[in-house]
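Enquirer: Questions regarding the structure given below will be posed in turn.
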Amino acid sequence: METFEMLMRGFSIALTPTNLFFGAIGCIFGTFVGAMPGIGAPTGIAVLLPLTFGMNPTSGIIMLAGIYYGSMYGGTITSVLVNVPGESASVMTALEGHKMALRGRAGAALTVSSVGSFIAGTIGVVGLMLLAEPVAGFGLRFGPAEQFALFLFAFTSLVGFSSDSRSKTLVAIAAGLLIATIGNDPLSGRTRFTFGSLDLMGGIDFVTVAVGIFGIGEVLIAFEQNYKMEFVESRLGLRNIFPTAQEWAASAWPICRGTVLGFLVGILPAAGATVAAFMSYGVEKQLSRTPEQFGNGAIEGVAGPEAANNSATAGAMVPLLTLGIPGSASTAVMLGAFMIWGLRPGPLLFSKNPDFVWGLIASMYVGNVLLLILNVGFIPAFVRMLRIPFSVLMALVVVFCVLGSYTLGGSVFDIWVMAAFGVLGYLMRKLDFPQAPLVFAVVLGPLVEVTFRQALTMSQGSAAIFVASPIAVTLVAAAGLVLVGPLVWSLRRRAGAAGTAGGT
Amino acid sequence: MRTHLRTALVLGLLIAGFLLPAPGFAWQPQRPVQYIVPWAAGGGSDIIARQVVAIIDLEKLAPVPFVVENRVGGNAMVALNYTMGKKGDPHVLMFATFTNLAVPLMEKLPNSLKDVTPIARFLLDEQMIWVPWNSPYKSLKDMVEAARKAPNSIKISGASIGSEDHFVDALFQSVAGVKLNYIAFRGGADAVLAILGGHVDAAWLNPSEAVDHYAVKKLRPLGVASQARLKTGMTDVPTFKEQGFDVVFDSHFRGVTGAPGMPAEAAAYYVDLMKRVTQTARWDKYIKDTMVSAAFMGGKEFGEYLRNSENLVRRLMALPGVMK
């Protein structure tokens, strides 16, 4: 019951008018930052960081944490409305959510994702509170080899569960990995594939790739097909804003599964919200009775990943608070903020600064409630954005894309790269190549490469390291099963069909 | 006699007046100062840069605002090239760390950190070897003996190739005459994870990265690779030198440089300004909180230090097996 007492003390800190005020500011700003492609949570936190220098640390961190999980809510908005993911964790949401918007179900997609995010965020905080210490040890068992095995599993599940052509999925992944190698070699510090260009030395950011492929690609397709969104407009009544009973029923389990999966993945070093969302998408597609719906606006594909990316933010707080190790860019910036306030997150934080830690945890509960009210309250307004004439909306998407890629590093070069990926996205759509695996590979490429090389350096070149620990061997086996399983399955079915055909 | 004295006095004052610039006429920035940070907002360097700006601001040390501008890319080379292009501009400063110094040498680029105007070194971050609490190595000697028996068998984690961790490791290996298996991680945090999880046998970590794990008996320090022991905190940890290994690596600095060819009086102004920043109570607190060592060094002296550090890096790069 000690935990409960501490939590109550935390609430008494989080609910003071000052802290409530800064928490709300953080949540609103976070939603905004999350919705803007190019400005992610790390940038948002960094920009507001200097403002917190004069504050008391608890108020400061409550505000910054608000930005962090607020951005996970916000990333959904542009994904669903205009198919431009505002955050890397919202890429999967764009895939299904935007299709739903085209069917006039934008409101439903946004509501389900807000409610799912709320449930996942809240349960995630409960997890953080009760499991922080035992679970931190679990994360540590993931060394380079185990992490690589996890990524391998994530990739093979993309191929194995894909409804698109497997070979095309593989090509997309390979292209993404190749793009990810451009620029600075993360381990040796040398540059690769830059052709002497200083602009390429920093590599190609996934935001430019995602914004180009999804945003500009979408615009190009729209121009070609000259499609209109009138059918959407007719369905903007209040009744259509909220999900139907059927849609709720379809979302319930994906939200639960996404929550658990997201929290566990969030704890792991280096993985974070993006990987959590991708994996949740794969799981839902696999478990779905109607996998063919995926890619055409399946609500499960919104509910699961959105829940996963929110509980992952809570999960990522575990290594940050208990070990002082940031699992993502956002938590890395927050670590910097802690340092400025003279707090060193790590094994001593809970005992040395209980007011701070419990104030933060309590504020995460409060923040999730704030965000739920904020988001659901504004959904009618967001959805009305779709009433903007189609030609204007498309122009806005282009503006978004250009702004987003420019703000990343303040370089015009990135805009050109984004435009080039727009053309690639268009071509991929025309040729039926899946786009998400490519973006996923760009996001994970550096991690895959780094962990693979580290593992092999540790074993001095022996690949046995990938099956040397129980975790690694399980994941590698799972990856093999996922990859080969469906293939064997379909071969057997075909053989069976041929057998019966031969028999008659 | 009296007239002589008076003449001497007047003359002396006149000469002194010419030699010492009167405060009212000294150079001062005329417009907001651009403070280029080569790394993304929120990183370690960015935070120190913003801390400096906050102090200038709060203590009203300068007549104009200092504006932090993150020019990210090309492993800090975008910022260096930008600053090189601002030749003679007295309103452009650039944050600099060991990485900015090492990258141009590794990439064999025409410009390097010695080509910009040296302003000030703020602080040093010490390099230490850490092992898990239950490690069989009680001292550096134990570790070196084990490495002699089985070369490449000891896995030691640190930041990427070309980082301060990697170079101090190279120096240690060459001084001790052993082979360690250096596992590069993307940053200190990942290196900490690897050692806490038992995936490596030792790690190069800065004091602040490891101190709390020491307090809860998860990690144990073997030595500090500096001239002297730490001045605050873990003062009982012996240096490498005390243990018979002449490994002194004091190049992991953070500081500030200016546009090349900046007027001497402008440079002198910034040297003085940065010195005053490091004399504030706020700065003291920051240094203590983050467990780095205050190590102010200004102007020419800092320039000399940069050249020496470049020479050290070149020497280490030339060692066999270092730049694989």
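No value in this document is a laboratory result; all are computed from the given coordinates. These numbers come from a predicted model, not from an experiment. All Cβ positions, even for glycine, are placed from backbone atoms using ideal geometry, and neighbour counts span all protein chains on display.
Enquirer: Using Cα centres only, tell me the gap between segment B:153-172 and segment B:290-316 in whole Å.
Expert: 19
Enquirer: Could you please tell me the mean projected area of the C-alpha convex hull for segment B:57-156, averaged over all directions and given in square nanometres to one decimal?
Expert: Mean shadow area of the hull around the Cα atoms is 11.0 nm².
Enquirer: Between helix B:299-318 and chain B, what is the angle of the helix's C-alpha long axis to the longest principal axis, kept within 0 to 90° and rounded to the nearest 10?
Expert: 30
Enquirer: For B:VAL216 paired with B:ARG282, estimate the spin-label separation in nm (one decimal), with each label point 7 Å from Cα along the Cα-to-Cβ line.
Expert: Taking the two extended label points, one gets 3.2 nm.
Enquirer: What residues have an amide H closer than 5 Å to that of B:VAL322, excluding those fewer than 5 places away on the same chain, when H is modeled at 1.01 Å from N in the peptide plane?
Expert: So B:VAL322 has HN proximity to no qualifying residue.
Enquirer: Tell me which lysines have Cα within less than 16 Å of B:LYS288's Cα, excluding those fewer than 8 residues away on the same chain?
Expert: Partners found: B:LYS231.
Enquirer: Turning to a different aspect of this structure: Test of understanding: express the Cα radius of gyration of segment B:168-221 as a ratio to 2.2 N^0.38 Å, with N the residue count. Each step should come with its number before you reach the end.
Expert: Details: Rg = 11.8 Å, N = 54, 2.2 N^0.38 = 10.0 Å.
Compactness ratio reported: 1.18.
Enquirer: Please give, to one decimal in nm, the separation of the simple spin-label points placed at A:ARG192 and B:ASP57, each 7 Å out from Cα toward the Cβ.
Expert: Distance between the two pseudo-spin positions: 4.0 nm.
Enquirer: Can I ask one more? Across segment A:261-345, how large is the tail of the calculated P(r) beyond 15 Å, expressed as a percent of all Cα pairs?
Expert: The share of Cα pairs beyond 15 Å in segment A:261-345 comes to 58 percent.
Enquirer: So how do B:164-172, A:311-319, A:424-432 stack up, highest first, on mean other-Cβ count within 10 Å?
Expert: A:311-319, B:164-172, A:424-432
Enquirer: Under the rule of at least 5 residues apart or a separate chain, name every residue whose amide H is placed under 5 Å from the amide H of B:ALA96.
Expert: B:GLY255, B:VAL256, B:THR257
Enquirer: In deg cm²/dmol, rounded to 500, what helix-only [θ] at 222 nm does the protein assembly as shown give when every DSSP H run of at least 4 residues adds -39500 (n - 2.57) and the total is split over its residues? Can you show the working numbers first?
Expert: Values: 34 runs with 516 residues, N = 828.
Calculated from helices alone, the mean residue ellipticity at 222 nm is -20500 deg cm²/dmol.
Enquirer: In Å, what is the Rg of the alpha-carbon atoms in segment A:305-448, and how long is Dmax?
Expert: In order Rg, Dmax, the Cα atoms of segment A:305-448 give 20.4, 58 Å.
Enquirer: Compute, for segment A:1-118, the length of the dipole vector about the Cα centre, with Cβ point charges of +1 (Lys, Arg) and -1 (Asp, Glu) only. Units Debye, rounded to 20.
Expert: Dipole about the Cα centre, nearest 20: 340 debye.
Enquirer: Size of chain B along its principal axes in angstrom, Cα-based, largest extent first?
Expert: Sorted largest first, the three principal extents are 83, 49, 37 Å.
Enquirer: Residue-wise, which Karplus ³J(HN,Hα) couplings in Hz belong to segment A:75-87, taking 6.51 cos²θ - 1.76 cosθ + 1.60, θ = phi - 60°, and x for glycine or proline?
Expert: Calculated HN-Hα couplings, in order: x, 5, 4, 5, 4, 6, 6, 10, 6, 10, x, x, 9 Hz.
Enquirer: Please compute the Kirkwood hydrodynamic radius over segment B:195-243, one decimal place, Å, based on all pairs of different Cα atoms. List each step's numbers first, then the result.
Expert: Numbers: mean 1/r = 0.0865 Å⁻¹.
When all Cα pairs of segment B:195-243 are included, the Kirkwood radius is 11.6 Å.
Enquirer: Here's a follow-up. Convert 4 °C to kelvin, take the viscosity as 1.567 mPa s, use the Kirkwood radius over C-alpha pairs of segment A:1-150 as Rh, and evaluate the Stokes-Einstein diffusion coefficient in µm²/s, rounded to a whole number.
Expert: Numbers: Rh = 17.1 Å.
The Stokes-Einstein estimate is 76 µm²/s.
Enquirer: On a 0 to 90° scale, report how tilted helix B:164-176 is relative to the longest principal axis of chain B, with both axes built from alpha carbons and the result rounded to the nearest 10.
Expert: In chain B, helix B:164-176 runs at an angle near 60 degrees to the longest axis.
Enquirer: Here's a follow-up. In Å, what Kirkwood hydrodynamic radius results for segment B:128-243 from the alpha-carbon pair distances?
Expert: Value: 14.0 Å, from the Cα pair sum.
Enquirer: Take the alpha-carbon centre of segment A:1-38, take the same for segment A:117-178, and report the distance between them in whole Å.
Expert: Using only Cα atoms, the two centres lie 28 Å from each other.
Enquirer: Using only the alpha carbons of segment A:61-112, what is the convex hull's orientation-averaged projected area in square nanometres?
Expert: 3.4
Enquirer: For peptide B:177-189, what's the mean number of Cβ atoms from other chains within 10 Å of each residue's Cβ?
Expert: Whole-number average of other-chain Cβ neighbours for B:177-189 is 4.
Enquirer: Taking Cα centroids, how far is segment A:242-283 from segment B:28-97 in Å?
Expert: Segment A:242-283 and segment B:28-97 have Cα centres spaced 42 Å from each other.
Enquirer: Here is the link list: B:LYS149/B:LYS218; B:LYS60/B:LYS300; A:LYS99/A:LYS168; B:LYS86/B:LYS300; B:LYS60/B:LYS86; B:LYS241/B:LYS300. Which ones come out longer than 24 Å on Cα distance?
Expert: Exceeds cut-off: B:LYS149/B:LYS218; B:LYS60/B:LYS300; B:LYS60/B:LYS86; B:LYS241/B:LYS300.
Enquirer: Using Cα pairs closer than 8 Å and at least 6 residues apart in sequence, work out the relative contact order for segment B:128-243, in percent.
Expert: 35
Enquirer: Can you check what the net charge comes to around B:THR117, using other residues whose Cβ is under 13 Å from the Cβ of B:THR117 (Lys, Arg +1; Asp, Glu -1)?
Expert: Numbers: positive: B:LYS86, B:LYS87, B:LYS114, B:LYS300; negative: B:ASP89, B:ASP115, B:GLU265.
Within the 13 Å Cβ shell, the charges total +1.
Enquirer: Rounded to whole Hz and in sequence order, give me ³J(HN,Hα) for segment B:270-276 from the Karplus expression 6.51 cos²θ - 1.76 cosθ + 1.60, θ = phi - 60°, writing x for Gly and Pro.
Expert: 5, 4, 5, 4, 5, 4, 5
Enquirer: Defining a contact as two alpha carbons under 8 Å apart and six or more residues distant in sequence, what relative contact order in percent does chain A show?
Expert: The normalised contact order for chain A reaches 28 percent.
Enquirer: For the protein assembly as shown, evaluate the Debye formula with one uniform point scatterer on each Cα (no solvent term) and list log10 I(q)/I(0) at q = 0.10 Å⁻¹, rounded to two decimals.
Expert: The Debye formula, applied to the Cα set alone, gives -1.10.
Enquirer: Give me B:ARG254, A:ARG190 sorted ascending by neighbouring Cβ count inside 10 Å, so fewest comes first.
Expert: Ranking B:ARG254, A:ARG190 by Cβ neighbours within 10 Å, fewest first, gives A:ARG190, B:ARG254.
Enquirer: Among DSSP bridges having both ends in segment B:131-220, what percentage is antiparallel? Round to the nearest 5.
Expert: If we restrict to bridges inside segment B:131-220, about 25 percent are antiparallel.
Enquirer: Let me ask something additional. Near the amide H of B:ASN70, under 5 Å away, which other amide H atoms are found, from residues 5 or more places off or on another chain, if H is placed in the peptide plane?
Expert: Excluding prolines and chain starts, which carry no amide H, the hits are B:VAL37.
Enquirer: Around B:TRP283, with a cut-off of 12 angstrom between Cβ atoms, what is the net charge of the other residues, counting Lys and Arg +1 and Asp and Glu -1?
Expert: +2
Enquirer: Under a cut-off of 15 Å between alpha-carbon atoms, report the aspartates and glutamates in cross-link reach of A:LYS430, not counting same-chain residues fewer than 8 places apart.
Expert: The qualifying aspartates and glutamates are A:ASP164, A:GLU218, A:GLU224.
Enquirer: Sum up the charges of everything whose Cβ sits under 11 Å from the Cβ of A:THR191, counting Lys and Arg as +1 and Asp and Glu as -1, but leave A:THR191 out.
Expert: Local net charge: 0.
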